[in-house]
Structure formats: structure tokens, C-alpha cells
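Participant: Take this structure first; my questions come after.
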Amino acid sequence: MDTQEQERKASEAKELKKPENRLISKSVKGVLCIITSAFCFSLMSLFIRLSGDVPVIQKCFFRNAVALIIAAAAMLKSHQPFRIGKGNLKYLLCRAIGGTLGMVMNFYAVDHLAISDASILNKLSPFFAIIFSAFILKEVANKYEWLAVLVAFLGALFVVKPSFNVEVIPALAGVLGGCGAGFAYTYVRKLGQRGENGMMIVLFFSAFSTLCTLPWLLFHFTPMSVKQWIYLWITGAAAAGGQVFITKAYTYAPAKEISVYDFSNVVFAAIWGMLFLEQLPDGFSIIGYVIIIGTAVAKWYHSIHKPSRAEQSH
């Protein structure tokens, strides 16, 4: 019996070493990370909303300054070197520029549009990530993967019910925000493929965006109440968590495999709306939740469990 047990354990260890099983493991980690990231970013949006009439650039500064402190502290605690991988600086700059522009545009849209319109425009980021991935990473999605993202996007439309009767400039800002985020996430994936430290990616982006918004803050600072200070510090902490987990997600798996799960942000936001903003979902929102969750389950089955079972059958 002991010999049989040893043989069974050896066989299991061999299975885990197979490339396809390692790929599945990374895909699962990517999904879990992107859902956790969506949860953190939904908290960030809640506290941005609760912070009131603070200028957009000021909100952006605190969102990133807090994330910078947390990322630096985490690297110091784990004794990670503050060193950029060889040849990665240009990719870090692309990620930081896209992320900073996307963040400013998204915050501007939130401040000038109905929150439902701003949210749906920001949810264009997975589409842009897949498009940019095709050109930058040569990761082209198949027809089923495109369909899954489109169906999830349809679910988001049911939830936010955009009217699109908005002024052109804020709406364009929202689209550019989604574009900037998608561009940034593509370069996060690129950096992950090149072995760049995930915390360094977060630290670089936080430092870059903080420095970009600092000059405006020095000359145009708007006084805030104690409550607004607290809310913006919480915003920064939630943003740091979101950055860490979305960075891990796109280093584990390509956008075409996991971007659909980013729509879970809509579900989390609906929960915060019910709990803190007295916003109850209507029938259309519930239909949207079912579509989003159903698509996520179908995508999970098609991308992970179905190929795994096919391999086992052989």
C-alpha cells in the first residue's frame, strides 16, 4: 500500500508539472486577482463619490499618493530591490502614461456625467485591452472569446442603462478613460511576460501619476473637511489594492482570457449603492447581473474546465 501511495503522489506531482496544468493554474489565479481588483476599485469609486466636490486633479493626486506610500512600504517590508528590469523602462512609461491619462479622463467623466454613463464608458477598457493586445502582444482572441466579452458588455448596459444624451466632451473623456486603461493593462501584461516585479509596476505608476498631478495641487489646492480627507485616504488605499491585484491578474493571464471578469465591478458597485447610497436595483439591473455572472461561468467553463477535461479524456 505504501508503494502504491508513493506512486500515486508521484503521478500527481508529474501531472502538476505539465505545461497545460501550469497554464490552468495561472488562469485561475488571473481570474481571482481580477475579481479582487474589481472589488477594490468599486470601493475606490464609492469613496470618490462620497468625497464630494473636490477637484478632479486633487482626487487623482490623493488616489495615487496613498498608493505610492503603500507600494513603497510593501517593497521595503519584503526587502525587494527598487530596480527596474533591463529594457523595461519604456514599457513602464507606456503603462504609466496610459494609466494616468485614463484615470484623469475617468474621474472627469464621473464628475460631469451621470454615474451610469461614466461607468459604462469606463467598461470599454476590456475591449481596448483586447484590441491593443492583438497589436502589442500578438494575442488575438477567438470568436467565442469576443462573443463572451460582448455579452458581458450587454449585461453591463442593462445594469447602468446609459442614456447617452450627454455633452460631447465629457462623453469623449469617458471613452478616452477606457482607452487609456486598456492601453495600460496591455503593457502590464507585457511587463509580466518580461518578468518585471509586479510591485515595481504599481510603484512606478503611482510615482509617475503623483508627480504629474503635484504641480497643479501646489498652486490650486482646495481646502477639504476632515471627512473628505478620510474618504480620499481610503480611496487611495482601495486604489492601491486594485492596482496590485489587476497587475497580478494581467501578469498571470492574457486579457482575452480574464478581461470579462472585470465586469464584476458592476455587481460590487450595485451592492455599495444599495448599502450606502440608497440605490435599489431595478428589473433591468437584475437581468444585467444574471447576464454578467452567467457569462463569467460560461467563460470559465469554456476556457478552463472544458480543455482540462478534453486533455484527461486523451
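The values are calculated or read from the model by the stated rules, or taken from the named source; none is laboratory data. Predicted, not measured: the structure shown is a model, and the values here were computed from it. Quick reminder, even Gly has a Cβ in these numbers, built from the backbone with ideal geometry, and neighbours come from all protein chains shown. We work out accessible area using only protein heavy atoms, side chains counted, and drop any ligands, DNA or RNA first. Shrake-Rupley method; radii C 1.70, N 1.55, O 1.52, S 1.80 Å.
Participant: Label points 7 Å out from Cα along the Cβ direction at residue 74 and residue 193: separation in nm?
Facilitator: 2.4
Participant: Please sort 265-278, 82-95 by packing, taking for each peptide the average over its residues of neighbouring beta carbons within 10 angstrom, highest first.
Facilitator: Ranked by mean Cβ neighbours within 10 Å, highest first: 265-278, 82-95.
Participant: How would you rank 43-53, 238-248, highest first, on the average number of other Cβ atoms within 10 Å across their residues? Please list the in-between numbers first.
Facilitator: On the way: 43-53: 19.4, 238-248: 24.0.
Most protected by this proxy first, the peptides run 238-248, 43-53.
Participant: Counting only other residues whose beta carbon sits under 12 Å from that of residue 222, what net charge do I get with K and R as +1, D and E as -1?
Facilitator: On the way: positive: 59; negative: 53.
Taking every other residue near residue 222 into account, the sum is 0.
Participant: Let me ask something additional. Students sometimes get this wrong: rank 202, 290, 104 by accessible area, probe 1.4 Å, all chains present, largest first.
Facilitator: Numbers: 202 5, 290 100, 104 30 Å².
Largest accessible area first, the list is 290, 104, 202.
Participant: Which net charge results when you count Lys and Arg as +1 and Asp and Glu as -1 among the other residues whose beta-carbon is under 14 Å from that of residue 238?
Facilitator: Working: positive: 49, 59, 63; negative: none.
So the environment of residue 238 carries a net charge of +3.
Participant: I would also like to ask the following. Taking Cα centroids, how far is segment 66-82 from segment 31-56 in Å?
Facilitator: 21
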